[in-house]
Amino acid sequence: MEIKTKQTWSMCKSLLKEVKEWGCLKQTGVSLRYMTEFGSNPTDTNLLLSAQFLHKELPIRIARRAIELHTLPHGLSYMPPVLKVKDWYLHSFRDLRSFSEIKNMEDEKEFTEMIKAIKMRHNNVVPTMALGVQQLKNVSEDPDHIDEFLDRFYMSRIGIRMLIGQHVELHNPSPPPNCVGYIHTKLSPLNVARNASEDARSMCYREYGSAPDVKIYGDPDFTFPYVPGHLQLMIFELVKNSLRAVQERFMDSDEVAPPIRIVIADGTEDVTIKVSDEGGGIPRSGLPKMFTYLYSTAKNSMDESQPPSDLGTIDNVRMAGNGYGLPISRLYARYFGGDLQVISMEGYGTDAYLHLCRLGDSQEPLP
Ligand SMILES: Nc1ncnc2c1ncn2[C@@H]1O[C@H](COP(=O)(O)OP(=O)(O)OP(=O)(O)O)[C@@H](O)[C@H]1O
Ligand SMILES: [Mg+2]
């Protein structure tokens with residue numbers, strides 16, 4: 001049974017009380033290294049331990065988000081899409097709390113199926129929240145704190161999905177070589193950059209009828225442990241932005257569009273990926289806005305009649321317009337201790353630096 005709208009919150013006093021209690025409990029973060037080490041030995045005992053950990057940890061994380069969704073400024077909590085998202089969080093909290101203690105492998109299997117369903121239920125959180133924020137922005141000019149809230153909210157979502165996905169994947173009886181759940185222990189950033197660029201270029205082709213070249217420089221033999229899906233999403237978003245900038249600048253010119261250059265550097269501490277374009281850059285005054293949600297200079301910017309599609313997928317038919325590419329990519333980078341910086345030369349082009357933590361020791365940020 002779906003829990004409906006805000007009345008249910010006051011009606012379900014006991015649920016509300018439980019959410020509040022759990023929202024006060026301390027969250028426990030894990031590192032990429034820990035996930036890799038723990039997951040390389042997916043014995044029944046380990047799977048059981050992992051399920052028991054999630055049984056306690058997920059309701060804490062989900063409760064914190066549900067509370068925050070309930071107390072947003074500027075009436076954002078009551079925007080219909082936000083109410084819908086809150087329902088998903090409450091529903092999942094209740095599913096987790098009503099699951100009794102995990103004692104054996106049978107319980108563990110059932111629990112795994114349940115969290116798989118929870119992950120699916122939350123698939124459309126990003127576009128749905130975006131719609132809610134959009135509706136609010138139509139009413140109230142520049143509401144503050146919304147960006148900080150969304151950063152916390154999406155960061156927490158990345159963590160929850162990573163934990164669930166990792167646990168579910170550990171059940172794969174024949175995982176691909178060098179894969180520990182979601183983590184690839186020998187990931188070649190050059191390969192990921194190649195795939196992500198090709199995906200972005202096909203999208204550019206579809207939208208503009210042509211696409212600038214992407215040149216990639218880096219050691220083809222270099223690998224490091226990372227989550228391929230995360231890296232693919234970040235590079236895809238950066239290349240998409242660069243392609244659009246170059247394309248729009250050179251579309252009507254006789255000059256050949258200059259290529260986008262991706263440089264991959266393997267340092268001791270960081271793996272840094274630079275995406276450079278000569279797409280004209282942006283003015284210095286516009287730089288702080290780049291990382292705000294819904295900031296987009298695309299003509300087809302999101303409107304209510306056209307909900308945004310999910311990020312990082314090739315199904316996203318638009319090159320730009322959601323205004324989510326940069327802020328979400330920065331969260332993915334920060335999730336494992338990295339960062340994303342953008343430096344622009346107005347009148348020439350833009351460089352985006354994606355720093356990824358090489359050692360994988362940094363703990364998850366827990367908003
Ligand atoms: N390489 C770049 N060159 C010039 N402007 C850029 C570049 N990257 C980003 N921008 C500017 O920053 C804005 C925000 O970028 P962001 O990727 O967050 O959103 P978007 O590209 O508009 O939409 P989407 O969510 O679909 O990616 C862009 O609309 C564009 O104005
Ligand atoms: Mg973008």
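Of note:
- Share of alpha-carbon pairs per 20 Å distance bin for the chain, given as whole %: 28, 56, 16, 0
- Taken over segment 114-271, the ratio of Cα radius of gyration to 2.2 N^0.38 Å equals 1.27.
- Projected label distance in nm at Glu198 and Lys186, using a 7 Å step from Cα toward the beta-carbon: 2.1 nm
- Reach of Lys20 by Cα under 17 Å, taken over aspartates and glutamates that are not fewer than 8 positions away in the same chain: Glu57, Glu68, Asp87, Asp95
- Straightening the chain between Asp266 and Lys103 buys 54.2 nm, computed as 0.36 nm per residue apart minus the Cα-Cα spacing.
- Going from the fewest other Cβ atoms within 10 Å to the most, the residues Glu198, Glu57 appear in the order Glu198, Glu57.
- Estimated FRET transfer efficiency (Leu49, Ser210; beta-carbon r; R0 51 Å; 0.05): 0.45
- For the chain, the relative contact order is 18 percent, taking Cα pairs closer than 8 Å that sit 6 or more residues apart in sequence and dividing their mean separation by the residue count.
- Packing-based exposure ordering (other Cβ within 10 Å, fewest first) of Asp252, Asp199: Asp252, Asp199
- Backbone N under 14 Å from the Glu37 label point (7 Å along Cα→Cβ), restricted to segment 331-367: 359-363
- Extension gain, Lys56 back to Phe222 (0.36 nm per residue minus Cα-Cα distance, nm): 56.0 nm
- Gain upon complete extension [Glu148, Glu110; 0.36 nm per residue less C-alpha separation]: 10.1 nm
- Acute angle (nearest 10 degrees) that the helix 105-121 long axis makes with the longest principal axis of the chain, alpha-carbon atoms: 50 degrees
- Remark: Leu49, Leu238 ranked as Leu49, Leu238, counting other beta-carbon atoms within 10 Å and listing the fewest first.
- Angle between the chain longest axis and helix 13-23 axis [Cα atoms, degrees, rounded to 10]: 60 degrees
- The charge dipole of the chain, taken about its Cα centre with unit charges on the Cβ atoms of Lys, Arg (+1), Asp and Glu (-1) only, comes to about 1040 debye.
- Each DSSP beta bridge with both residues in the chain is either parallel or antiparallel, and the antiparallel ones are about 85%.
- Evaluated with a Cβ-only charge set (Lys, Arg +1; Asp, Glu -1), segment 224-289 carries a dipole of roughly 220 debye about its Cα centre, given to the nearest 20.
- Rg and Dmax, both from the Cα atoms of segment 182-255 and both in Å, are 13.9, 45.
- Here each label is just a point 7 Å from Cα along the line to Cβ, and for Lys289 and Thr28 those points are 4.5 nm apart.
- The angle between the Cα long axis of helix 44-70 and the longest principal axis of the Cα atoms of the chain comes to about 80 degrees, rounded to the nearest 10.
- Net charge of Cβ neighbours under 10 Å - reference Thr28; Lys, Arg +1; Asp, Glu -1: +1
Read-outs throughout are calculated quantities, based only on the coordinates presented, and are distinct from any laboratory measurement. Fair warning: this is a prediction, and the values are worked out from it, not measured in the lab. Quick reminder, even Gly has a Cβ in these numbers, built from the backbone with ideal geometry, and neighbours come from all protein chains shown.
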